[in-house]
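Shown next, in structure tokens, is the structure this report addresses.
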Amino acid sequence: MTDAIVFSEVSFAYGPDAPEVLRRTSLSIPEGAFVLVTGATGAGKSTFLRCINGLVPHFSGGVWSGEVAVAGSSTIEHAPRGLAAQVAYVSQDPDASFVLDRVEDELAYAMENLAVPPHAMRRRVEETLDLLALAPLRDRSVRSLSGGERQRVAIASALTAGARILVLDEPTSQLDPQGAEDVLAALKRLVDDLAFTVIVAEHRLERVTAFADLAVGAFSSGRFEIGDVAGIVEQLGGGPPVTRLGRRLGWTPLPLTVREARARVGRVNGVTGSREVEIARHFGSPVVAMTGVSARYARDEVLHDVTLTIDERVTALIGRNGAGKTTLLRCLAGLHDPASGRIAMASSGASPRTGTDVAFSPQDPGDILYAETVAAEVAATLDARGASTEELDKWLDAAGLESKRDIHPRDLSAGERSLLAIVAIAATAARILALDEPTRGLDPESKDRLCELLDTMAREGHAIVVATHDVELVAEMADHVVMLAAGEVVAQGPPRAILSGSPVFSPQMARISDGRWLTLDEATTALGSS
Amino acid sequence: MHPAAWLVWAVAAGGIAMLTTNPFYLLPLASMAAFVHAACRVPGPGARSFRIFALFGVFALITRTALVAVTPYAIGFDSVVLAAAEGLRLAVLLIVFGTFNSVSDPFKLLKLAPRRWHEPALVVALALSIAPRTIDAVEKVRGAQKMRGIEVLRWRSLPALAVPVLSTGMENALTLAASMDARGHGSGPRTRYRPDVWDRKSIAATLVCVVAVALFTAALVRGEAGLLVSIPAEWPPVDPLLLLACVALALPGLLSPTRT
């Protein structure tokens, strides 16, 4: 097998004084492999991916030495546009990468640039629309699509270019579990059937490990290594829940997939027993009630007759892309007026006031961060509500940003920036805190921090509502789960009842135990004591 | 409609507004532009920005008139009327531009540019898309900051609006540039995917626009009275044919309303 990509002694820093993101990296990626790039946030995964088509250093500047060869061409001699026929790249931020407006035109854009003959373009567009289930959206404006749909369009427009090396930076961050599975399976098919080379950076390892042939580990201080997935995950620590379970229980080899873990659980336990560990969940009093709420965008009804009570606890909203999760949060936060129905605070019967009763944390931290320092950012919120700055330390501490209080938000890692934005919103001390996909781009460490913060707030009497596709997060921290489908509430209840029976939304621990366990702690206790 | 037909429409409507200050032509022109916006807008940032352009137009009209009205050198009522007429013209130009933004996609126009002009045309297309995108970003940031009790339209909290809008705008521009390059933009000869076709509606609309401009130009060349508001101020005469030309610019709105 020949090598698709060869890094030779590559060192790179964004500036003469900046730390090296890559340090004397030499590795090669074979043709026809599905490669997972993994490592903590800020370890340089995105930079590594951008080296492959020459965006680094051509678009980043910085100090570069060494060489990357892609399909035999050097990225120093060829600008990214010269490599477009060999490498397709999907950035982390699909919204900002769209050039044209209509879905179909966006798909054809790269082919137009590469002078693909018109009849071939038409055929490839149709095939790709089918491959990623985008055909019903072909005439829509990309700006009118939901987050998950946009992500699929971004992937599709990279696929059409005809490049045989695909580089994707967190391609499933906004997709529901089934959507993510479909996209990854489609990519895997390109690898298996057509010998494409696919390189994917992803935080939610539970989604990718079953597909990946190889992994590139981004270790600290600029070290990158390629190896089999198990080896890299073992060296890096972390990994999907099944791997972490295996590490806790000292299993060798470490399981990477549900299938491997199931086999192991069976062996440890004989037949899995009925041992069930209930974790103490807290329940609070009702905070806000939605009664018969319907909402539309243009003429489409996005929410239909939703009746829901939200209590002082962590409520998770789950459901596939476009089910109405974000709209429900926007209605709750007063950002979108429902077409009918009412939303009333339990205490006063009035609708919740934006910014005092309810606060909504934006998906993109860039929408609110403006201060010169981390501390000033949170202080701005406290100042606006006239709270004393004594609270400041409490909030910084809760986000784990105490030690970074004087640095510029720009210099935080992506995970820390998200946490800062969430805390800047949470500091309004609004009774209801709404979060939309808060773990997008968060590494496991920041994710744990977020869980702690939300849990504390819920115990202090806040109603936390989280819309998310991250079922592992839901299993770890939700007290109550509401499942939406096509704008309606189809099920609600405690996480065990909703998640454990679901083929799509069940977390890994439920999968290895036929729904007996939800969290890592439950599984560890159950297995450890046998 | 063909994107070039929209360009012709905008140039015609704008051109006519440049040739006259007669409110009997300008007001119908503004109404027709608003009608076309309502009928043909493409949902998105462009359509949302129409309102802002219209507000700017009204603002221009008021300030232009007020400035002359309060200036100590004012030569009385006549000059105020003249200023108001010119202000109205400015307002109509802004409304026409707003309509153009809301009905057309600058990137579709870009596809029409000959290959040699692709680069400059791209710059123009990007520049045209900046206003709607910025207006969108302002709305988004305003909503987000309101969540934490910061009302960004106050002078003191201006940084809370300006910093996120400018910095994300900058980042987005860089991401877009990288995305275009990574997808082979400017790498050599191009082909066109499903080029827009000149259908009968587009041809009809374009012909009407050309005739409308020709009528006004002919009137100008003839030195016909009533094109410009003159001193002493009185109601200017109206040429029914020219009035009809202004009204005819509503044609695209009737021919190809947005399917919903």
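All of the numbers you see were taken from the coordinates with simple rules; none came from a lab. Nothing here was measured: the structure is a model prediction, and the numbers come from that model. As a convention, Cβ positions derive from the backbone with ideal geometry for all residues, glycine included, and neighbour counts pool all protein chains shown.
A Cβ-based charge dipole, computed about the Cα centre of segment A:404-507 with Lys and Arg at +1 and Asp and Glu at -1, lands at about 200 debye.
Kirkwood Rh over Cα pairs of segment A:285-419 into Stokes-Einstein at 25 °C, 0.890 mPa s: D in µm²/s? The partial results should precede the final answer.
Numbers: Rh = 17.0 Å.
The Stokes-Einstein estimate is 144 µm²/s.
What percentages, rounded to whole numbers, describe P(r) for segment B:19-73 computed over all alpha carbon pairs with 5 Å bin width beginning at zero? Spelled out bin by bin, segment B:19-73 gives 4, 15, 18, 22, 17, 12, 7, 3, 2, 0 percent.
Remark: segment A:509-525, residue by residue, has Karplus-estimated 3J(HN,Hα) of 5, 5, 5, 7, 10, 6, x, 7, 10, 10, 10, 4, 5, 4, 5, 4, 4 Hz, where x stands for each Gly or Pro and the curve is 6.51 cos²θ - 1.76 cosθ + 1.60 at θ = phi - 60°.
Once the chain from B:Arg51 to B:Arg192 is taken as fully extended at 0.36 nm per residue, the excess over their C-alpha distance is 47.4 nm. Couplings 3J(HN,Hα) for segment A:6-15, derived from phi with the Karplus relation 6.51 cos²θ - 1.76 cosθ + 1.60 (θ = phi - 60°), are 10, 9, 10, 6, 7, 10, 8, 9, 6, x Hz, where x marks Gly and Pro.
Counting only alpha carbon atoms, the long axis of helix A:444-459 and the longest principal axis of chain A meet at about 10°. Taking every DSSP beta bridge that has both residues in the protein assembly as shown, what percent is antiparallel when rounded to the nearest 5? That works out to approximately 50 percent antiparallel. Below 8 Å, C-alpha to C-alpha, sequence gap of six or more: please give me the relative contact order for chain A in percent. About 15 percent, as a whole number.
Amide H to amide H distances under 5 Å link A:Val21 with A:Phe12, A:Ala13, A:Tyr14, where only residues 5 or more positions off or on other chains count and H is placed in the peptide plane. For the Cα atoms of chain A, what angle does the longest principal axis make with the long axis of helix A:177-194, in degrees from 0 to 90, nearest 10? Taking the Cα atoms of chain A, the angle to A:177-194 is about 10 degrees.
Beyond 15 Å, how much of the Cα-Cα pair distribution for segment B:67-117 remains, as a whole percent? All intermediate terms of the calculation are to be shown ahead of the outcome.
On the way: 826 of 1275 pairs.
Everything past 15 Å amounts to 65 percent.
Rg of the Cα atoms in segment A:7-89, relative to 2.2 N^0.38 Å, amounts to 1.04. Remark: mean inter-chain Cβ contacts per residue of A:86-95 equal 3, using a 10 Å Cβ-Cβ cutoff to other protein chain atoms. Taken residue by residue and averaged, Cβ atoms of other chains lying within 10 Å of the Cβ of B:136-145 number 5.
Note the per residue figure in Å³ for the convex hull of the C-alpha positions in segment A:87-222. Walk me through the numbers before you get to the answer.
On the way: hull volume 16.0 nm³, N = 136.
Per-residue hull volume (Cα only) is 117 Å³.
Dipole size of segment A:401-447 about its Cα centre, with +1 on Lys/Arg Cβ and -1 on Asp/Glu Cβ: approximately 140 debye, rounded to the nearest 20. The convex hull around the C-alpha trace of segment B:26-132, projected and averaged over every direction, spans 8.2 square nanometres.
Could you compute the FRET efficiency for A:Arg353 and A:Asp3, with r as their C-beta to C-beta distance and R0 at 56 Å, rounded to 0.05? Walk me through the numbers before you get to the answer.
Working: r = 60 Å, r/R0 = 1.07.
Approximately 0.40, to the nearest 0.05.
Dipole size of the protein assembly as shown about its Cα centre, with +1 on Lys/Arg Cβ and -1 on Asp/Glu Cβ: approximately 1540 debye, rounded to the nearest 20. What's the angle, to the nearest 10 degrees (0 to 90), between helix A:147-159's Cα axis and the longest principal axis of chain A? Tilt relative to chain A: about 10 degrees.
Taking every C-alpha pair closer than 8 Å and separated by at least 6 residues, the mean separation divided by the residue count of segment A:277-388 gives a relative contact order of 24 percent. Per the Debye formula on identical point scatterers at the alpha carbon atoms of segment A:181-240, with no solvent, log10 I(q)/I(0) at q = 0.30 Å⁻¹ is -1.35. The alpha carbons of segment A:126-205 stretch over 33, 29, 18 Å along the principal axes, in descending order.
As a rough guide to protection, the peptides B:62-71, A:85-94 ranked by mean Cβ packing within 10 Å, highest first, stand as A:85-94, B:62-71.
Can you give me the convex hull volume of the Cα atoms of segment A:364-477, divided per residue and expressed in Å³?
Working: hull volume 10.8 nm³, N = 114.
Measuring per residue, one finds 94 Å³ for the Cα hull of segment A:364-477.
Using C-alpha pairs below 8 Å separated by at least 6 residues, the relative contact order for chain B is 35 percent. Once Rg and the Kirkwood radius are both taken over the C-alpha atoms of segment A:298-368, their ratio Rg/Rh works out to 0.95. Rg and Dmax, both from the Cα atoms of the protein assembly as shown and both in Å, are 29.4, 104.
Give me the tail of P(r) for segment A:1-141 as a percent: Cα-Cα pairs with distance above 28 Å.
Working: 2894 of 9870 pairs.
It works out to 29 percent of all Cα pairs.
Placing dummy labels 7 Å off each Cα toward the beta-carbon, the span from B:Val210 to A:Ser220 is 7.1 nm.
I'd like the mean, over residues of A:113-126, of how many other protein chain beta carbons sit within 10 Å of each residue's own Cβ.
Working: counts 12, 8, 7, 4, 1, 5, 0, 1, 4, 2, 0, 1, 2, 0.
Rounded to a whole number, the mean comes out at 3.
Distance between the pseudo-spin-label points of A:Asp411 and A:Arg189 (7 Å out from Cα toward the beta carbon): 4.9 nm. Between A:His119 and A:Glu460, what FRET efficiency follows from the Cβ-Cβ distance if R0 is 41 Å, with the result rounded to 0.05? So the FRET efficiency works out to roughly 0.05. A Förster radius of 45 Å combined with the Cβ-Cβ distance from B:Glu171 to B:Tyr73 puts the calculated FRET efficiency at roughly 0.40. Per-residue 3J(HN,Hα) values for segment A:51-59, derived from phi via the Karplus relation 6.51 cos²θ - 1.76 cosθ + 1.60 with θ = phi - 60°, read 5, 5, 10, x, 4, 9, x, 4, 9 Hz in sequence order (x marks Gly and Pro).
The Kirkwood hydrodynamic radius of chain B, based on inverse pair distances between different Cα atoms, is 20.7 Å.
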